[in-house]
Amino acid sequence: MSVASSKRRLNVLVVLSVIIATVLMAPRGMFADSQISLEYQVTILRPENRLVHVNLRVSNVDSGTLTFGRGETGGFPPREVPAARNLAAKNQDGYPLNLKLSGSTGRFIETAVVVCNGSVVLLEYDTDLSPHTEVRWYLGSEFGVVEPEYLFLFPIDSRKDAYVSVSRISVEFSVPQGWDVVTHWAKIVTVNRYEAQTSDELLLGPLGFGRFDLRRRQISNVEVTLAFYGYSSLVQEAVSNDVFSIYSYFSQLMGDVSIGKKIPRNKYLLIYVPKIQGRGIVSNREGAYGCFSNIEYPYQTDPAEGYWISWQAHLIFHEWSPAAFFGSPMWFSEGFTTYYQYKSTRDLKLISQSQFESAVAGRFKWYVERVLGTLFDKSLAYADSHPWEAEEVFRINYYKSCIVAYMLDLRIAQVTGGRRNLDSVMKYLFDQYALTGKRLSSDVILPAVNAVAGYDFTPFFEKYVQGTEKLPLRSLNGKVEVLFSQMPSLKAITRLELQHPPSSAAGQRIVMNASLRTLLGDAVANQTITFFVRQGQEVKNIGTARTGAVGLASLIFIFNMSGSATLIARYDGGPNYLESQTSSEIVILRAATTTATTTSAVQAQASWLEAEWPFIMIVAALATTVIVLMARRSQRKRRKTA
C-alpha cells in the first residue's frame, strides 16, 4: 500500500470520527424532534364539576428535558388559560419526574418543563373549564366547548418559541353516555378516537362535547359543518342557509383554502351554543379550522354592536385572512376583515344598504371621538407594531383600518371606472401569497394595490396607512361621505412597448413604434416619447414623437453605424401618468457586408461551373447530335414527298 493511499484512508477515518463525535455530543433531541409521538386521553366523568382530565403519553423522547406550552398570548385584555390542576409527570415505569411550571414566554401563556428519564414521558392533569367574566370556554352538565390550544399541553422549542414537529398525534375521549365529540379531526374507526397530522390541525379549531345537531355542506373542496346545541330547527335552518352563503361568498371572492401553502385544510367547523348565565361565549381566536359562539336570533341589528350575522362573516373571513397567509399585518388581517364583515353581508342582502352605511358611520364615529387629535392618534403601521400599548391603539387595527379599507375600496373603483375594487386586490393577494407560500408583509400590500388598480397608491398609503393624516370623510345623516377632492392625487402607471425590425442595414431607414398604455390597457394619447440608441457606453438621443389617439408614437431613423445596438424608448411622465421606459436589441449590418455576400455567391457559382464543365460539354454535344439527326430525317421526308 502506498504512503499516499494510507494518508487518504487516515483522513477518511478522522472525518468519520468527527462526525460520530458531533452526533454523540450534540444536544439530545437535535435530530429527533420529528420522531416524537403524542397520545392524548381526555376524560369527562362528572361534567358538573367542570373538570376535564387529560393524560398525555409522549413517546420516542430523545432529550434531557421537554418543554410544553399551552395557549397563545395576545388579545385585549390579555388572554388567559383555564387553570391546570394536579399536574404530574412520570416515566414509563411510573417513577415521578421533576416538573416545573413556568410563566408566559413571548408566545405561550403557560409553560411546563419536565426533566426526562427515558424515552417515554407521561403527563397527567385536570383542566378547570369554569366560565370566567369573558366566557372563552365552558363545561357544564349539558355541554362543553373549548379551544384545544387551551386544553392540551404540547411540546415546544423554547429557543424558537414554537411548537416542535411530531410524527403522530392521536386523541381518545371518554365522555358521559349520550354525549358526542364534535371536532374537525379525522376520526379513527375506534369510537371517539381521532388523529391530527400537525400542531396546527390539533390546536387551531373548536372542540365541543354534548348532544349536537349537525348540518353539513360541501363548499368548493371544504366540508363546512355547523354544530348546534339548544336551538330550534327553525333557527338552525335559517342560520345554516346564511352561514353557508357567507362561506361560499368568500370562497368565490378569494379562492380555495384546501390548496393553500400555510395550512391546507378541507374541513371547517362552527359550534353554536347558548349564552352562559346570560353572558355571551366566543372563542379566544378564530382558528383556521373554525370557532364557537352564540346565536342572536332574530338577528341582532344594533349598528353599535356590528350586527350578529356580520360578526359571523368576520369569524368566517378569518379562514382566509389571516389563516391562509404567512405573516399579515394586524391592520390588514383585522381591519380589512371588519370591513368585509359588513360588505359581504350587504352584498348577500343579509343586511341592508342603510345598515351597512350605519355600521361604517359607527366606526368613523369611534375614530373621531376616541382617537382623532388625541395621544392615541396613531397610524395603522404603528398600531400593528404596538397593539398592546392601549385599548384605543389596539382597536385602531380594527375600526380605523375598517374605514381606511372602505376608502380604498371606493378610491380604486373611482380611478378605474368601476373595473377594479378592493375585491380584486384581495383575490390577487390570495393567489400571489396564500397559494405560493410567500410572506404577506406590509411592504407587499401597496405593490399589490398598484398592480391591480393600475395607479400608484403610494400617496394614499403614506397618508392613511403609514401616517396620521386626518381621514377625508364626513358624517352626514347617518352616512359617511368620502371626500375624494381632499385625497392626494394619483398617477396612472404606464407601460411602454417598443416595436421595430430585428435587423437593418446601415444607411437604410427603419420605423420605430412605441406603444404607451396604462396597466389596465388604456391608450395614453398626446404624450412625448423620447428615443435613444445605445452602443457600448455611448447613448445618443435620436429624436422624439407624440403618441396618437391609440397611444402609438412612431419615429423613422437611419443608422450609420454597424453591430449590435440597444434601442430605448422613454416616457418622462406627466401630471396624470407615471414615467416608464423600455428597451430592445437591434442588429445593424454593414453595407460592405451585403456586397461581400453577393461576391461570394458569384464565386460559388463559378466554382460549380468549373467542376461540372466536362459533364456540361458532353450533354451539349449529345444534344447537338440529336438536333442534327432530327434535321436530316426531316429533310429526307420532304424529298420523298416531293
Problem set entry | For Ser554, solvent-accessible area (1.4 Å; no DNA, RNA or ligand), Å² | 60
For this session: Would you calculate, for the chain, the mean residue ellipticity at 222 nm contributed by helices, counting each DSSP H stretch of 4 or more residues as -39,500 (n - 2.57) and dividing by all residues, to the nearest 500?
Result: -9500 deg cm²/dmol
Problem set entry | Charge context of Leu253, other residues only, Cβ under 13 angstrom, K/R +1, D/E -1 | -4
Problem set entry | Test item: Cα-centred dipole of segment 459-570, Lys/Arg +1 and Asp/Glu -1 on Cβ, debye | 100
For this session: Would you work out which of Tyr340, Gly144, Gln508 lies farthest towards the positive end of the dipole of the chain? Charges go on Cβ: Lys and Arg +1, Asp and Glu -1.
Result: Gln508
For this session: Pop out the ³J(HN,Hα) list for segment 544-555 in order, Karplus 6.51 cos²θ - 1.76 cosθ + 1.60 with θ = phi - 60°, rounded to Hz; leave Gly and Pro as x.
Result: 10, 8, 9, 6, x, 4, 9, x, 9, 10, 10, 9
Exercise. How much of the accessible area of the chain, in percent, comes from carbon and sulfur atoms when a 1.4 Å probe is used?
Worked result: 52
Exercise. Using alpha carbons only, how many degrees (0 to 90, rounded to 10) separate the axis of helix 353-366 from the longest principal axis of the chain?
Worked result: 70
For this session: Compute log10 of I(q)/I(0) for segment 325-377 with the Debye formula, placing one identical point scatterer on every Cα and leaving out solvent, at q = 0.14, 0.22 Å⁻¹, to two decimals.
Result: -0.49, -0.88
Seminar exercise, completed: Dividing the surface of the Cα convex hull of segment 215-276 by four yields a projected area in nm² of 4.8
Problem set entry | From the C-alpha gyration tensor of segment 179-315, square roots of 5λ in Å | 24, 19, 14
Problem set entry | Local electrostatic count, Arg534, Cβ distance below 12 Å [Lys/Arg +1, Asp/Glu -1] | 0
For this session: Report the charge-dipole magnitude of segment 184-270 in Debye, nearest 20, computed about the Cα centre from +1 at each Lys and Arg Cβ and -1 at each Asp and Glu Cβ.
Result: 160
Exercise. Pairing the Cα long axis of helix 591-641 with the longest principal axis of the chain, what angle in degrees results, from 0 to 90 and rounded to the nearest 10?
Worked result: 50
Exercise. Going by the alpha-carbon gyration tensor, a ≥ b ≥ c the square roots of its eigenvalues, is segment 349-475 rounded (a/c under 1.5) or, if a/c is not under 1.5, prolate (a/b greater than b/c) versus oblate?
Worked result: oblate
For this session: Using the Kirkwood radius over Cα pairs, work out the Stokes-Einstein diffusion coefficient for segment 431-553 at 37 °C and 0.692 mPa s, in µm²/s as a whole number.
Result: 176
For this session: List the lysines whose Cα lies under 21 Å from the Cα of Lys261, skipping any in the same chain that are fewer than 8 positions away.
Result: Lys427, Lys438
Seminar exercise, completed: Hull surface over four for the Cα convex hull of segment 52-180, reported in nm², is 8.9
Exercise. Using the Karplus equation 6.51 cos²θ - 1.76 cosθ + 1.60 (θ = phi - 60°), what ³J(HN,Hα) coupling, rounded to whole Hz, does each residue of segment 431-436 give in order, writing x for Gly and Pro?
Worked result: 5, 7, 10, 5, 7, 9
Seminar exercise, completed: P(r) over all Cα-Cα pairs of segment 266-330, 10 Å bins from 0 to the longest distance, whole percent per bin, short to long, reads 19, 48, 27, 5
For this session: Take the Cα gyration tensor of segment 256-394, multiply each eigenvalue by 5, square-root it, and list the three semi-axes largest first, rounded to whole angstrom.
Result: 24, 22, 16
Problem set entry | About the Cα centre, charge dipole magnitude for segment 358-458 (Lys/Arg +1, Asp/Glu -1 at Cβ), debye | 260
Seminar exercise, completed: accessible surface per residue for the chain, probe 1.4 Å, DNA/RNA/ligands not counted, whole Å² -> 49
For this session: Can you tell me the 0 to 90 degree angle between the C-alpha axis of helix 233-253 and the longest principal axis of the chain, rounded to 10?
Result: 30
For this session: Run the 1.4 Å probe and let me know the accessible area of Ile188, rounded to the nearest 10 Å².
Result: 50
Seminar exercise, completed: Eigenvalues of the alpha-carbon gyration tensor of the chain, times 5 and square-rooted, give semi-axes in Å, largest first, of 69, 41, 28
For this session: Quick one: net charge around Arg70, please, counting Lys, Arg +1 and Asp, Glu -1 for every other residue with C-beta under 10 Å from its C-beta.
Result: -3
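The values are calculated or read from the model by the stated rules, or taken from the named source; none is laboratory data. Predicted, not measured: the structure shown is a model, and the values here were computed from it. Every residue, glycine as well, gets a Cβ built from its backbone with ideal geometry; the counts of neighbours run over all protein chains shown. SASA here: full protein model, heavy atoms, side chains in, ligands and nucleic acids out. Shrake-Rupley method; radii C 1.70, N 1.55, O 1.52, S 1.80 Å.
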